[in-house]
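*Asks:* The structure's right below; bear with me while I get my questions together.
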Amino acid sequence: MPIKTVSFEIRRQASPDAPAVWESFELEWRPGMNVISAMMEIAANPRTRDGRETTPITYDSNCLEEICGSCAMRINGRARMACSALIGNLEQPIKLEPLSKFPLIRDLQVDRSVLFQNLMAVKAWVPIDGTYDLGAGPRVFPQQQEANYPLSNCISCCCCMEVCPQFNESTGFVGAATIAQVKLFNNHPTGRVLKEERLRALAGDGGVQECGYAQNCVEICPKGIPLTNAISDVGREVVVQKAKDWLRG
Ligand code: SF4
Ligand code: SF4
Ligand code: FES
């Protein structure tokens with residue numbers, strides 16, 4: 001019986017300034033194989049389909065269970081997590097490319113630190129003084145927990161930003177993930193203390209008004225986060241905040 005195989009076309013780039021080249025690989029198929037397990041095999045034995053030795057492939061991964069958000073890449077043209085992409089569900093040859101909207105480091109690895117800068121700009125945290133025991137925090141009711149839980153599932157993969165037509169250098173748009181985190185932390189009884197600052201951070205250029213409601217983000221999000229609802233809610237609050245600030249002079 002012939003051995004079942006899996007074929008890959010991988011976009012390689014040794015450095016940000018090096019030319020991009022495509023390399024083909026072929027592996028023996030195993031049940032339950034996913035893109036990351038295939039990449040591990042290729043990286044351990046970097047030999048192209050025609051038997052030529054090449055350099056090990058560079059990519060990010062960590063948890064291998066769609067929790068850390070590090071393995072996002074374009075798989076057959078679609079931004080998604082490599083660890084949850086089952087080979088059996090993909091058309092072959094499987095085409096792997098890095099995310100296109102983030103600075104390339106090498107091969108499939110990109111620098112997504114812009115998301116962390118954006119989260120810092122909107123103070124996406126609960127401000128507490130950790131130097132002494134503050135006692136129990138305010139009670140969060142089950143209804144609030146239910147509303148907030150989906151927003152807390154963000155894994156910072158940046159897929160929503162990759163597919164957003166508005167996320168580009170000319171708009172400086174922060175992207176859907178950051179806006180959803182503003183909603184999450186503004187909903188939190190302690191996090192709410194920074195609510196006005198967060199809304200002001202989203203009021204100017206690159207803020208929530210850059211969104212064109214194309215909905216690509218909500219369709220691609222691997223965690224099913226209600227991004228467009230969050231954008232609408234935060235958008236309304238930004239307008240109210242602007243009006244309050246104007247009245248206050
Ligand atoms: S709704 Fe469209 S424009 Fe707005 S963040 Fe999502 S993808 Fe971008
Ligand atoms: S909102 Fe969804 S797509 Fe965007 S970074 Fe978070 S998990 Fe990824
Ligand atoms: S390796 Fe963590 S999400 Fe894929």
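The values are calculated or read from the model by the stated rules, or taken from the named source; none is laboratory data. As the structure is a computational prediction, the values presented were derived from the model and not from experiment. Glycine also receives a Cβ, built like all others from the backbone with ideal geometry; neighbour counts cover every protein chain displayed.
*Asks:* In the stretch 94-115, how many are surrounded by fewer than 17 Cβ atoms within 10 Å (Cβ to Cβ) and part of a loop (DSSP other than H, G, I, E, B)?
*Replies:* 3
*Asks:* For Val35, all conditions in the list (1) surrounded by fewer than 20 Cβ atoms within 10 Å (Cβ to Cβ); (2) β-branched (Val, Ile, Thr); (3) within 16 Å of ligand 3 (Cβ to nearest atom) hold save one; what is the number of the exception?
*Replies:* For Val35, the failing item is (1).
*Asks:* Aliphatic (A, V, I, L, M), farther than 22 Å from Arg74 by Cβ and away from ligand 3 (no atom under 16 Å from the Cβ): which single residue out of Val208, Val218 fits that description?
*Replies:* Working: Val218 fails: farther than 22 Å from Arg74 by Cβ.
The unique qualifying residue is Val208.
*Asks:* Which residue is farthest from ligand 2 (Cβ to nearest atom), if the candidates are limited to the stretch 15-70 and must be acidic (Asp, Glu) and more than 19 Å from Lys95 (Cα to Cα)? Reasoning before the result, please.
*Replies:* Just the residues of the stretch 15-70 that are acidic (Asp, Glu), to begin with: 17, 23, 26, 28, 41, 50, 53, 60, 65-66.
Narrowing the set further to residues that are more than 19 Å from Lys95 (Cα to Cα) leaves 17, 53, 65-66.
Values: Asp17: 28, Glu53: 36, Glu65: 14, Glu66: 9 Å.
Applying the filter and picking the extreme gives Glu53.
*Asks:* Here's another thing I want to ask about it. Being in contact (Cβ under 8 Å) with a residue 12 or more places away in the chain and either small (Gly, Ala, Ser) or surrounded by fewer than 17 Cβ atoms within 10 Å (Cβ to Cβ) (or both) is the filter here; which residues of the stretch 71-89 pass it? Explain how you work it out, then say what you get.
*Replies:* Applying the first criterion (in contact (Cβ under 8 Å) with a residue 12 or more places away in the chain) to the stretch 71-89 yields 71-88.
If the condition is that a residue be in contact (Cβ under 8 Å) with a residue 12 or more places away in the chain and either small (Gly, Ala, Ser) or surrounded by fewer than 17 Cβ atoms within 10 Å (Cβ to Cβ) (or both), then Ala72, Asn76, Gly77, Arg78, Ala79, Ala82, Ser84, Ala85, Leu86, Gly88 are the ones that fit.
*Asks:* Taking the options Gly224, Gly212, name whichever one is within 16 Å of ligand 2 (Cβ to nearest atom) and over 21 Å from Phe141 (Cα atoms). First the steps, then the outcome.
*Replies:* Values: Gly212 fails: within 16 Å of ligand 2 (Cβ to nearest atom).
When all the criteria are applied, what remains is Gly224.
*Asks:* Continuing with this model, one more query. Can you find even one residue in the stretch 161-175 that is more than 16 Å from ligand 2 (Cβ to nearest atom), within 29 Å of Pro103 (Cα to Cα), part of a helix (DSSP H, G or I) and in contact with an Asp or Glu (Cβ under 6 Å, 6 or more places away or on another chain)?
*Replies:* No: zero hits.
*Asks:* Inspect all residues belonging to the stretch 119-139 and state whether any of them is under 27 Å from Glu9 (Cα atoms), in a helix (DSSP H, G or I) and in the same structural domain as Glu219 (by TED's automatic domain parsing).
*Replies:* Checked the stretch 119-139: no residue is under 27 Å from Glu9 (Cα atoms), in a helix (DSSP H, G or I) and in the same structural domain as Glu219 (by TED's automatic domain parsing).
*Asks:* Specify which of the listed residues (Asp233, Asp205) is acidic (Asp, Glu) and within 15 Å of ligand 2 (Cβ to nearest atom).
*Replies:* Working: Asp205 fails: within 15 Å of ligand 2 (Cβ to nearest atom).
Sole residue among the options that is acidic (Asp, Glu) and within 15 Å of ligand 2 (Cβ to nearest atom): Asp233.
*Asks:* Just need a number here: residues in the stretch 140-160 that are within 16 Å of ligand 3 (Cβ to nearest atom) and either assigned to a loop (DSSP other than H, G, I, E, B) or of a type in the set (Asp, Glu) (or both).
*Replies:* Count: 6.
*Asks:* Would you say Pro19 is in contact with a helix residue (DSSP H, G or I) (Cβ under 6 Å, 6 or more places away or on another chain) and farther than 26 Å from Glu219 by Cα?
*Replies:* Working: in contact with a helix residue (DSSP H, G or I) (Cβ under 6 Å, 6 or more places away or on another chain): no; farther than 26 Å from Glu219 by Cα: yes.
So Pro19 does not fit the description; no.
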